[in-house]
Amino acid sequence: MNLVITGSTSGIGLETIRSLYPNFNKIILPVRNLKKALEIVNEFKNPEKFHCIEMDLSSIKSVDKAGRQISETYEKVDLLINNAGGIFPSDLKTKEGLDWSFAVNHLGHFHLTNLLLSNLTKAKGKIIFVSSEAHRIGTIRSEDLGLKRRSNSWSNYGTVKLYNILTSNYFNYNYGNGGISTYSLHPGAVKTSFGSEANLISKAIISLSKLFFISAKKGAETSVFLANTPKSQLQSGGYYISKKLKNPISKSKDLKIQKKLYDFSLKKIEEILS
């Protein structure tokens, strides 16, 4: 069995790997820092089980290159965990002109998932999106789905976490009959490097809040639960907290919004890659 997971070199991602390591024949790690990733996998008993591939989620061109490499190398992908993410200053733009939070939290994962759809279909695999309860403060503005005109880091973060759930639901709607199952989750308020690239005010808030945060190992539990639990015992398209099915906000289930975001995302990728 083959696992692909983003955001694997620290925090929830690393703890997820540690838990799932015995269950997979190959663990593919698309990572921004290749050196750091190689150092981490060498700590495992069988480092040859890992395949580290350089990929920067903030760059669609980088995601395109890495995703195609994974798709061509591995016939089947049994599990894709879109785990990486973070909160970023609202005025921070990528080299491709995208809002940084939109690119890293949504569009990069969206493109990677699309590139691996045939591999996931062959394996009748699972797709897991690590979202957040912050999605409840997210807003959908049809004229600004790319977040270019917004100025609040927390609102942007809530919106892209809502995008994760919308995307999970739309992939389930479109591809569920082909054997793919999708899930989204809130990992809890986790004591990790989350917020390290936020503005000073956000960093201060997060730093104080971390006194009440849970460990990364605890935060990985729902991802691991969804990975290990048979599909028959899960709800595809479901949103999970603490290993239990919960209701996200109602607009996350709106098919028109899901399709609008999907079409917009495809268009942005085509513009960048053309």
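Per-residue answers, yes or no, for (1) closer than 24 Å to Lys251 by Cβ; (2) touching a His at 6+ places or on another chain (Cβ under 8 Å):
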| site | (1), (2) |
| --- | --- |
| Asn105 | yes, no |
| Gly125 | no, no |
| Ile137 | yes, no |
| Lys161 | yes, yes |
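Within the range 104-111, does at least one residue satisfy the condition of being among the small types (Gly, Ala, Ser), within 24 Å of Thr182 (Cβ to Cβ) and assigned to a helix (DSSP H, G or I)? Yes, because at least one residue in the range 104-111 is among the small types (Gly, Ala, Ser), within 24 Å of Thr182 (Cβ to Cβ) and assigned to a helix (DSSP H, G or I). Scanning for something over 18 Å from Glu133 (Cβ atoms), modelled with pLDDT of 85 or more, in a loop (DSSP other than H, G, I, E, B) and of a type in the set (Asp, Glu), does the range 247-261 turn up at least one residue? Within the range 247-261, one or more residues are over 18 Å from Glu133 (Cβ atoms), modelled with pLDDT of 85 or more, in a loop (DSSP other than H, G, I, E, B) and of a type in the set (Asp, Glu).
Note on the range 234-246: residues that are among the hydroxyl-bearing types (Ser, Thr, Tyr) and assigned to a loop (DSSP other than H, G, I, E, B) total 2.
With the structure loaded, tell me whether Gly138 is small (Gly, Ala, Ser), over 11 Å from the mean Cα position of the chain (by Cα) and under 14 Å from Lys268 (Cα atoms) or whether it fails that test. In short, no. Examine the range 15-36 for a residue that is acidic (Asp, Glu), within 24 Å of Ala103 (Cβ to Cβ) and within 16 Å of the chain's Cα centre (by Cα), and state whether such a residue exists. Within the range 15-36, none of the residues are acidic (Asp, Glu), within 24 Å of Ala103 (Cβ to Cβ) and within 16 Å of the chain's Cα centre (by Cα).
Kindly establish whether Thr121 is within 20 Å of Gly237 (Cα to Cα), more than 18 Å from the chain's Cα centre (by Cα) and β-branched (Val, Ile, Thr). Against the criterion (within 20 Å of Gly237 (Cα to Cα), more than 18 Å from the chain's Cα centre (by Cα) and β-branched (Val, Ile, Thr)), Thr121 qualifies. Among residues that are over 24 Å from Ala189 (Cβ atoms), part of a loop (DSSP other than H, G, I, E, B), basic (Lys, Arg) and touching a Lys or Arg at 6+ places or on another chain (Cβ under 7 Å), Lys122 is not included. Can you report the number of residues in the range 148-194 which are modelled with pLDDT of 95 or more and part of a loop (DSSP other than H, G, I, E, B)? Number satisfying all stated conditions: 1.
When Ile140, Ile87 are checked against the criterion of being out of contact with any Pro (no Cβ under 6 Å at 6 or more places or on another chain), surrounded by fewer than 24 Cβ atoms within 10 Å (Cβ to Cβ) and in contact (Cβ under 8 Å) with a residue 40 or more places away in the chain, Ile140 stands alone in meeting it. Taking the residues in the range 195-222 that are small (Gly, Ala, Ser) and either at pLDDT 55 or above or assigned to a helix (DSSP H, G or I) (or both) as candidates, determine which candidate is surrounded by the fewest Cβ atoms within 10 Å (Cβ to Cβ). Residue satisfying both the conditions and the ranking: Ser207.
The values are calculated or read from the model by the stated rules, or taken from the named source; none is laboratory data. Just so we're clear, the structure is a prediction, and the values are computed from it rather than from any experiment. Methodologically, a virtual Cβ is constructed for each residue, glycine included, from the backbone with ideal geometry; neighbour enumeration extends over all protein chains shown.
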